[in-house]
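Please treat every number below as a calculation from the coordinates, not as lab data. Keep in mind that this is a model prediction, so the values were computed, not measured. Cβ: placed from backbone, ideal geometry, glycine included. Neighbour counts: every protein chain shown.
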Amino acid sequence: MVSRTAPSTPAPAIPAGLGRAQLLELYRFLVLTRTLEERLAALYRQSKVIGGLYRSLGQEGEAVASAYALERGPGRDVLSPLIRNLGSMLVMGAQPIEILRQYMAKADGPTRGREMNVHFNDLERGYLGQISHLGDMIPVMAGIALSFKLRGEPRVGLVYVGDGATSTGTFHEGLNFAAVQRLPLVVIGEYNHWAYSTPPDKQFAVKDLAEKTKGYGVPGVTVDGNDVLAVYEATQLAVDRARHGHGVHFIEVKTYRRKGHAEHDDQHYVPRDEIERWAGENDPLDRFVRRLVQHDWVELRELEAVDQGVRTEVDQATDACASEPLPPPESALPHVYLDPPAADRLWFRSL
Ligand SMILES: Cc1ncc(C[n+]2csc(CCOP(=O)(O)OP(=O)(O)O)c2C)c(N)n1
Ligand SMILES: [Mg+2]
């Protein structure tokens, strides 16, 4: 339970130009991300998820807060998420029922059951797919940002990159190109202490990822990634500067991957006490709640109402999704091949 400050202590103003409604909205996205992922993990254990499941437990704060700094809607900013950025996609407008349909390979899911679940996008809402190729979305997003610049559109691209992926060649090439072209691009470097089973000291010899970008003339800052408001503030500043012609900005968020690389990974290579150190007091959601309540910015009962609303929303979406059909086998090839074979010539018709 969170204790309140004495009534005589004046509450500090809410930082970063945010208001109470926005704090509650940020809180809702954080709870929604965690609740939806927990639901997906339960469904995965029941063999109802087709494909893998990559959790963002412990790093939801940076995913949600960074995306929240963008302008959202058709024709606005564009975000390129990674496997641990479900929270960013929810902020951009992805709906829980769509996510559930996608993971359960339902006929009405974003890719209509064709894909092993994370590679789908929605350009209207401004998010690309969670592309697997490490580092490659830096040059792709540099290209998108270049198109904004050439058309004179006041739009910004935001791209995530893992600590491991900053070792790839494309990260360096893409960043250099974006810097030289002074593109409206913000790069979020997620230092979550693991790249599958590789720890940082086996990955790079610098202390901070932000040191890497300075060589390309890209200003880099390092932020406490489990401090929701600090991430929001840093991203908002960088987005604003990028939008106004000041080029690429890099924000390193120090956070922690509390689950394995995916649900099938038992993390046997991770020291147990390390995971515990990043939970509890250091958990991004717990820290945010503590701050909100201690400063009297919102009331506990308002947060409880959000929790209840999210639980109901995820329950209803799960029930609705569970009763939906899988795609018919003959729908597997259209939209994959330009010229799919006729339905009566498909080998699996006879199975
Ligand atoms: C170019 C490339 N090499 C290897 C892989 C296999 N792979 C997928 S995720 C991953 C680890 C990624 O670590 P990091 O970039 O730190 O992201 P995190 O999983 O921690 O979010 C690896 C090695 C890949 N997808 N692409
Ligand atoms: Mg990592």
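Quick notes on this structure:
- Residue 202-residue 276 FRET efficiency (beta carbon distance; Förster radius 30 Å; 0.05 resolution): 0.85
- Within the stretch 111-158, all pairs of alpha-carbon atoms sorted by distance into 5 Å bins from zero give the percentages 5, 18, 23, 25, 14, 10, 5, 1.
- A straight chain from residue 265 to residue 16 at 0.36 nm per residue would run longer than the Cα-Cα distance by 85.8 nm.
- Shape category assigned to the stretch 3-127 from the gyration tensor of Cα positions, a/c cut at 1.5: oblate
- Applying the criteria of a DSSP loop state and at most 11 other Cβ atoms within 10 Å to the trypsin sites (Lys or Arg not before Pro) of the stretch 204-246 yields 207.
- A Gaussian network model of the chain, with springs between Cα atoms under 10 Å, assigns the largest mean-square fluctuation among 248, 310, 186 to 310.
- Under the shape rule built on the C-alpha gyration tensor, where the axes satisfy a ≥ b ≥ c, the stretch 184-254 is oblate, since a/c reaches at least 1.5 while a/b does not exceed b/c.
- Extreme residue, positive dipole direction of the chain, given options 58, 245, 194 (C-beta unit charges): 245
- Counting only residues at least eight positions apart within a chain, or on another chain, the aspartates and glutamates with an alpha carbon under 13 Å from that of residue 212 are 163, 173, 252.
- 3J(HN,Hα) along the stretch 186-197: 10, 10, 9, x, 8, 8, 9, 6, 8, 10, 6, 9 Hz, from the Karplus curve 6.51 cos²θ - 1.76 cosθ + 1.60 with θ = phi - 60°, whole Hz, x for Gly and Pro.
- Counted charge near residue 78, where neighbours are those whose Cβ lies closer than 15 Å (Asp, Glu -1; Lys, Arg +1): +2
- Whether the chain is rounded, prolate or oblate, judged on the alpha carbon gyration tensor where a/c under 1.5 counts as rounded: oblate
- Taking 238, 262, 305 as the candidate residues, the one with maximal mean-square fluctuation in a Gaussian network model of the chain, Cα springs under 10 Å, is 305.
- Where a label projected 7 Å from the Cα of residue 72 along Cα→Cβ would reach, residues of the stretch 14-38 with amide N under 20 Å: 15-38
- GNM flexibility winner over the chain from 81, 199, 110 (Cα, springs under 10 Å): 199
- Under the simplified labelling scheme, the residue 244-residue 153 pair shows an inter-label distance of 2.2 nm, with each label point 7 Å from Cα along Cα→Cβ.
- Members of 207/254; 106/259; 214/259; 202/254; 48/106 lying beyond 20 Å, as alpha-carbon distances in this model show: 106/259; 214/259
- When shorter helices are ignored and each DSSP H run of at least 4 residues is given -39500 (n - 2.57), the per-residue value for the chain at 222 nm works out to -12500 deg cm²/dmol.
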